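First up is the structure itself, then whatever we jot down about it.
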Amino acid sequence: MAETGANARMDVRLNERTYKVVAVRPEIADFWANAVAGRWEDETFRFLDAVADPRAVLVDVGAWIGPVSLYASPLMARVIALEPDPVAHRELSANIAANVANVEIWNAAVDLEPGELKLYAPQGFGKSETSSIGEGEPLIVKTVTFADLDAAIGDAAKTVLKVDIEGHEYRVMEALIGFAKTRRAPVHLSLHPRSFCNECKRKMDWFTARRETYRATMDAIAKLAAIGPVTMSHTGAPITGAMVFRRIFLKRRPKNFSVEVRAPN
């Protein structure tokens, strides 16, 4: 049931639990309705079910308004949720405060060094597409590193890593993989070759931009394979160069996709 007005909330059922979430913006009410109906990244929820562990800490990098953090909260000992977008962070904080006690929110972006990072919101803040690459309304945000996250996790028996940062994953890939290898963490990673390619096209022709995007994406996947077998999230199939080629070269615009490593070496 949805409420209306400046403090609108709605009840949503995820993982057999009902949560009361912020639904002031119409597009957010629509999002929650789709999530409950299984029309939003059901493969992400399946991943969380598969790696659930009451001793684990989930690191939710790019938490947005909290669907993954809320879903995972009863499955894990703790959740650390990172969200730098100010509008999304405000709604994330309200959603967590109203529903669960084991989610710690960091109002920050992950980067290679602690400090600051310029983000852009192509359609305005809060839309889930805020990124360090691209264009739009700019904002300077605080950054933390994977070393900071490692310290915050401490001696937890298990770590799970979910990353969805709208193309910034290419910049932090080495650190991301180093963190996952050290922690032997299952990984759910959203790759955004479309954003990467759009950035390349600022200084390259069409073919060169796509070729560089393919190279960078395959390089990331090859490095992920050092953690464990890499699969396509929505099908579970082992990822291949042909799959990536089709998504980058044979589409009008490169197609974003998610990969998983469920069983670390």
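The values are calculated or read from the model by the stated rules, or taken from the named source; none is laboratory data. Just so it is clear, the model here is predicted, and its values are computed rather than measured. All Cβ positions, even for glycine, are placed from backbone atoms using ideal geometry, and neighbour counts span all protein chains on display.
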Which is in contact with a strand residue (DSSP E or B) (Cβ under 6 Å, 6 or more places away or on another chain), over 29 Å from LYS118 (Cα atoms) and not in a helix (DSSP H, G or I), of ARG39, ARG55? ARG55
Subset of region 212-265 that is part of a loop (DSSP other than H, G, I, E, B) and of a type in the set (Val, Ile, Thr) - its residue that is farthest from ALA50 (Cα to Cα): THR240
It is to be established whether one or more residues within region 194-209 are modelled with pLDDT of 95 or more, in a loop (DSSP other than H, G, I, E, B), surrounded by 19 or more Cβ atoms within 10 Å (Cβ to Cβ) and touching a helix residue (DSSP H, G or I) at 6+ places or on another chain (Cβ under 7 Å). no
Working carefully through the options GLU91, GLU129, find the one that is in a helix (DSSP H, G or I), buried (at least 17 other Cβ atoms within 10 Å of the Cβ), out of contact with any Cys (no Cβ under 7 Å at 6 or more places or on another chain) and not basic (Lys, Arg). GLU91
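Residue-wise test of (1) more than 28 Å from THR235 (Cβ to Cβ); (2) surrounded by 15 or more Cβ atoms within 10 Å (Cβ to Cβ); (3) in contact with a Pro (Cβ under 6 Å, 6 or more places away or on another chain).
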residue	(1), (2), (3)
VAL12	no, yes, no
ALA29	yes, yes, no
ALA33	no, yes, no
ARG39	no, no, no
ALA50	no, no, no
ASP53	no, yes, no
GLY62	no, yes, no
Scan (1) within 19 Å of ALA56 (Cβ to Cβ); (2) buried (at least 22 other Cβ atoms within 10 Å of the Cβ) for the single condition PRO254 breaks and write down its number. (1)
Is it true that some residue in region 184-205 is polar (S, T, N, Q) and free of Cβ contacts under 8 Å to residues at least 40 places away in the same chain? no
Residues (out of contact with any helix residue (DSSP H, G or I) (no Cβ under 8 Å at 6 or more places or on another chain), assigned to a helix (DSSP H, G or I) and not basic (Lys, Arg)) located in region 148-179: ASP148, ALA151, ALA152
